[in-house]
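Let me begin by presenting the structure, written as structure tokens, before commenting on it.
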Amino acid sequence: MASNFGHIYLEEAAADYPLTAEICANFPAAQRINIRNYRHFFNRPNQDYNLQKGGLKLILAVKRDDLLYRGSPECQDFNSANFYYNTPLVNCVYDCEYCYLQGKYQSANLLVFVNQDDLMAAVTGQIPRRPEAERPLLLALSYDTDLLAIDNRIPIFKPWVEFARTAENLLVEIRTKSAAVAGLKSIASGKNILLSWTVSPQRIIDLIEHFTPALDRRIQAIGVAIEQGWQVRLSIDPVIHSEDWPQLYLAMIERLFTRLPASAIHDIQFGPFRINENYYRRLRRARPRSLILMQPLVVQDGIVSWPPAQQTELRKRISDQLSRYLPDEKIHPWQI
Amino acid sequence: MLIIHTALLCEARPLIDRYRLKKDFSFTKFDVFTKDDITLIVSGIGRLKTTVAVTYLLAKQSDLSQAKILNVGIAGATSRQFDFGQTFLVNQIIDTSTGRCYYPDVLINHDLPENTLATFDKIVEDQSVAGDHQGLVDMEAAGFAAAALTFLGPHQITLAKIVSDHLDIDHLSADGVTEIVAGELPRITRLIELIQAQKLPESPNLPQPEQAVIDKITTGLKLTVAQQAQLRNTLFDCHLRSGEIPPEWEQYLKPAPDSKSERNRRFVRLLDYFRGQ
């Protein structure tokens with residue numbers, strides 16, 4: 001992974017939280033720097049995202065506002081008006097070249113909010129006010145990070161699972177690429193918790209998903225999670241364009257369902273590379289020679305993605321392949 | 001390019017000797033010494049002189065994308081647990097007059113201890129002046145950081161401070177300061193090597209023939225500045241994908257557009273053409 005966290009920047013207000021003590025104890029050799037407000041460090045101008053990826057710092061802070069967000073149009077919302085996401089942790093130990101985080105934030109450093117109870121309370125408060133009362137509130141918990149990947153040292157995953165398991169009218173999606181599933185054994189799963197694994201062909205992982213586990217290790221981890229009774233969603237997202245993308249992705253789907261029981265998969269979602277236009281501008285500045293920029297991309301309604309005809313082809317070819325293993329109602333292509 | 005700033009000539013002397021820097025008389029407002037890609041500037045004592053000196057030097061540079069700047073100097077320590085003559089890398093600078101904090105990005109793999117430093121407007125002679133602050137104190141770092149971070153990113157700036165006193169500054173002489181810095185020269189030199197070895201991202205450029213295409217299209221279609229930037233990005237992506245700029249672009253320039261709206265239509269078609277390659 002990208003870092004062993006040699007520095008912890010500790011916000012004054014975060015000092016007395018139990019989670020702060022727990023995390024600091026996991027990094028006894030780290031330099032501790034006391035700061036007044038995390039924004040003074042996290043939002044500094046002219047930071048270099050890629051250089052920081054080579055030496056990530058940990059920031060422990062208190063989240064005071066925006067404890068819960070409405071889902072954005074670039075996200076898969078599963079046709080639910082009740083789609084929300086939150087950010088218990090910001091930024092990721094992995095370094096995927098397509099990641100929107102490098103466009104969204106000035107800093108690559110890992111920002112942990114230690115007042116997780118306040119974030120949970122915001123979710124609890126929103127459940128009765130969700131727009132569609134007949135459906136549960138859908139909460140994406142791990143969009144701006146990968147909670148499972150760092151759970152052994154930044155333990156946020158388990159408290160959220162326990163919170164979600166006992167909550168009513170709540171469906172939580174926790175997205176991950178992690179293969180670190182040993183800890184799942186000690187956590188009771190819940191019917192309203194989806195572990196959503198992002199999978200990519202190994203060639204794509206090698207080229208642009210830096211520090212992430214290999215495809216086979218992810219498949220193995222998914223198998224373990226299924227055996228332990230977790231609800232598993234698969235996410236082939238983003239699909240990266242190349243001359244032979246159909247072969248790459250169709251072969252990967254075949255491999256997935258050779259090794260995993262299709263009947264145990266909750267559902268699968270997929271979509272082409274897409275990113276907010278402003279984030280794309282920053283991405284191209286940060287990684288001017290990335291393979292991401294070699295895709296044929298167009299701007300439509302402020303979103304940079306594949307041209308419409310190629311998106312149609314993507315939907316058809318991936319859906320057709322998935323239909324060999326899953327019923328249509330379990331296949332969710334992304335569309336604006 | 002490495003720029004070194006010191007407040008005092010006596011702090012700079014060991015570095016000038018070590019790197020065989022020569023005085024550059026083209027700089028008239030401050031003492032500046034240079035050799036190869038190292039430039040050293042001596043500002044004088046205090047935040048204001050430091051800010052002016054660093055700004056003076058950085059504003060004269062045409063390209064700062066590969067620049068790094070290092071402040072070297074002595075500092076007081078509020079505690080005797082910080083040894084006299086010990087060098088610290090500064091990870092936080094507190095400007096005590098404004099309350100503002102500055103954070104250099106510590107991205108090099110160094111072996112120096114790190115510390116927080118507070119900058120005061122007057123000499124810190126005892127703990128009553130330093131107040132609650134525990135760590136290092138000086139009179140320049142906040143001015144250095146404010147000026148440097150106006151021009152550079154936090155990954156481009158470094159501060160190394162050598163403990164010269166425990167708030168009992170009256171015993172310090174110029175020769176004594178030089179001796180303190182000279183004593184830590186191996187560590188400072190090692191730090192400079194690490195800073196110089198750190199690779200900064202280069203801004204990507206198109207090869208010369210492709211740059212010429214931008215110039216011809218800009219002239220031919222009388223593009224606005226915003227359109228030129230759009231064209232540069234599109235051509236960069238096109239070149240990245242196909243390894244060349246396809247030659248048919250010239251047909252989009254003829255005949256010359258006779259209105260802005262015609263120019264804009266033609267420009268959109270041209271971009272679509274490059275994007276389709």
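The values are calculated or read from the model by the stated rules, or taken from the named source; none is laboratory data. Everything numeric in this text was worked out from a predicted model, so none of it was measured. Cβ coordinates were reconstructed from backbone atoms using ideal geometry, including for glycine residues, and neighbour counts include every protein chain displayed. Just the protein is used for accessible areas: all its heavy atoms, side chains included, with ligands, DNA and RNA removed. Shrake-Rupley method; radii C 1.70, N 1.55, O 1.52, S 1.80 Å.
Provide the per-residue ³J(HN,Hα) series for segment A:79-88, in order, calculated from phi with Karplus coefficients 6.51, -1.76, 1.60 and θ = phi - 60°, each as a whole number of Hz, with x at glycine and proline positions.
Calculated HN-Hα couplings, in order: 6, 10, 6, 8, 8, 10, 9, 9, 10, x Hz.
Kindly provide the helix-only [θ] at 222 nm of chain A, computed as the sum of -39,500 (n - 2.57) over DSSP H runs of four or more divided by all residues, to the nearest 500 deg cm²/dmol?
Calculated mean residue ellipticity at 222 nm is -9000 deg cm²/dmol.
Cβ under 12 Å from A:Leu101's Cβ, A:Leu101 left aside: what net charge do those residues give with Lys, Arg +1 and Asp, Glu -1?
-1
Mind listing the long-range amide H neighbours of A:His210? Cut-off is under 5 Å, sequence gap 5 or more, other chains count too, H placed in the peptide plane at 1.01 Å from N.
Hits under the 5 Å cutoff: A:Asp95, A:Cys96, A:Glu97.
Mind putting a number on the dipole of the protein assembly as shown about its Cα centre? Charges go on the C-beta only, +1 for Lys and Arg and -1 for Asp and Glu, and I need it in Debye to the nearest 20.
1480 debye
Using only protein heavy atoms and a 1.4 Å probe, report how much of B:Val213 is accessible, in Å² to the nearest 10.
20 Å²
Taking amide H positions as placed in the peptide plane 1.01 Å from N, state which residues far from A:His7 in sequence (5 or more) or on other chains have amide H under 5 Å from it.
A:Gln31, A:Leu58
For segment B:1-74, what proportion of DSSP beta bridges, expressed in % and rounded to the nearest 5, is antiparallel?
Bridges in segment B:1-74 are about 45 percent antiparallel.
Kindly express, to the nearest 10 degrees and within the range 0 to 90, the angle between helix A:215-227's C-alpha long axis and the longest C-alpha principal axis of chain A.
Approximately 80 degrees, to the nearest 10.
For the protein assembly as shown, what proportion of DSSP beta bridges, expressed in % and rounded to the nearest 5, is antiparallel?
Within the protein assembly as shown, antiparallel bridges account for around 30 percent of the total.
Once the Cα gyration tensor of segment A:7-333 is diagonalised, what are the square roots of 5 times its eigenvalues, in whole Å and ordered largest first, as equivalent ellipsoid semi-axes?
30, 24, 20
In whole percent, what relative contact order does segment B:208-275 give with Cα contacts below 8 Å and a gap of six or more residues?
38 percent
Could you point to the residue in A:Pro213, A:Ile156, A:Asn109 farthest towards the positive end of segment A:7-333's charge dipole, with +1 and -1 charges on the Cβ of Lys/Arg and Asp/Glu respectively?
A:Asn109
Would you grab the residues whose amide H sits under 5 Å from the one on A:Asp146? Only those 5+ places off in sequence or on another chain, please, with H modelled 1.01 Å from N.
A:Val93
Could you tell me which of B:Pro255, B:Val52, B:Ser79 has its Cα farthest along the dipole of chain B towards the positive end, charges placed at Cβ (Lys, Arg +1; Asp, Glu -1), taken about the Cα centre?
Toward the positive end, the furthest listed residue is B:Pro255.
Remind me, relative contact order of segment A:7-333 in percent, using alpha carbon pairs under 8 angstrom and six or more residues apart?
Result for segment A:7-333 is 15 percent.
Check cross-link reach from B:Lys216 to the lysines: straight Cα distance under 19 Å, and skip same-chain residues fewer than eight apart.
Cα-Cα hits under 19 Å: B:Lys254, B:Lys260.
Please name whichever of A:Ala25, A:Gln231, B:Thr6 sits farthest to the positive end of the charge dipole of the protein assembly as shown, dipole taken about the Cα centre and charges placed at Cβ: Lys and Arg +1, Asp and Glu -1.
About the Cα centre, the residue reaching furthest to the positive side is A:Gln231.
How large is the charge dipole for segment B:2-197, taken about the Cα centre, if only the Cβ atoms of Lys, Arg (+1) and Asp, Glu (-1) carry charge, to the nearest 20 debye?
680 debye
Would you work out what percent of the accessible area of chain A, with all protein chains in place, is carbon or sulfur (probe 1.4 Å)?
In chain A, the share of accessible area belonging to carbon and sulfur is 48 percent.
For chain B, rounded, prolate or oblate, judged on the Cα gyration tensor with a ≥ b ≥ c (square roots of eigenvalues), a/c < 1.5 rounded, else prolate if a/b > b/c?
Taking the square roots of the gyration eigenvalues as a ≥ b ≥ c, chain B is prolate.
Note down the accessible area of A:His241, probe 1.4 Å, to the nearest 10 Å².
About 40 Å², ignoring ligands and nucleic acids.
Dividing the convex hull volume of the Cα atoms of segment B:184-235 by its residue count, what figure in Å³ per residue is obtained?
Hull volume normalised by residue count: 111 Å³.
Using a 1.4 Å probe on protein heavy atoms only, how many Å² of accessible area do A and B hide from each other, summed over both chains and rounded to 100?
Interface area, both chains combined: 2300 Å², rounded to the nearest 100.
For segment A:198-213, just list the computed ³J(HN,Hα) in residue order, Karplus coefficients 6.51, -1.76 and 1.60, θ = phi - 60°, integers in Hz, with x standing in for Gly and Pro.
So the J values, rounded to whole Hz, are 7, 10, 9, x, 4, 4, 5, 4, 4, 7, 9, 10, 5, 6, 8, x.
Taking all protein chains together and a probe of 1.4 Å, list B:Leu185, A:Leu111 from the most accessible to the least accessible.
Heavy-atom accessible area, descending, gives B:Leu185, A:Leu111.
I need the shape label for the protein assembly as shown. Rule: rounded when a/c is under 1.5, else prolate if a/b > b/c, else oblate, with a, b, c from the alpha carbon gyration tensor.
oblate
Specify the longest stretch of chain B that does not include any exposed loop site, a site being one of the GluC sites (Glu not before Pro) with a non-H, G, I, E, B DSSP assignment and at most 16 other Cβ atoms within 10 Å.
B:1-124
Which FRET efficiency value, to the nearest 0.05, do you get for B:Ala256 and B:Gln208 by plugging their Cβ-Cβ distance into 1/(1 + (r/R0)^6) with R0 = 30 Å?
FRET efficiency, B:Ala256 to B:Gln208: 0.75.
For segment B:75-190, just say rounded, prolate or oblate: build the C-alpha gyration tensor, square-root its eigenvalues into a ≥ b ≥ c, call rounded for a/c under 1.5, and beyond that prolate if a/b exceeds b/c, oblate if not.
oblate
Quick one: of the DSSP bridges fully inside chain B, what percent are antiparallel, nearest 5?
Roughly 35 percent of the DSSP beta bridges within chain B come out antiparallel.
Explain nothing, just the number: dipole magnitude of segment B:138-263 about its Cα centre with +1 on each Lys and Arg Cβ and -1 on each Asp and Glu Cβ, in debye rounded to the nearest 20.
860 debye
Using the per-residue mean of other Cβ atoms lying within 10 Å as a proxy for protection, in what order, highest first, do the peptides B:214-222, B:146-154 fall?
Most protected by this proxy first, the peptides run B:146-154, B:214-222.
What are the ³J(HN,Hα) values, in whole Hz, obtained from phi via the Karplus relation 6.51 cos²θ - 1.76 cosθ + 1.60 with θ = phi - 60°, for each residue of segment A:92-108 in sequence order, with x given for Gly and Pro?
For segment A:92-108, the Karplus curve yields 9, 7, 7, 9, 8, 5, 8, 5, 6, 4, 5, x, 7, 10, 6, 10, 8 Hz.
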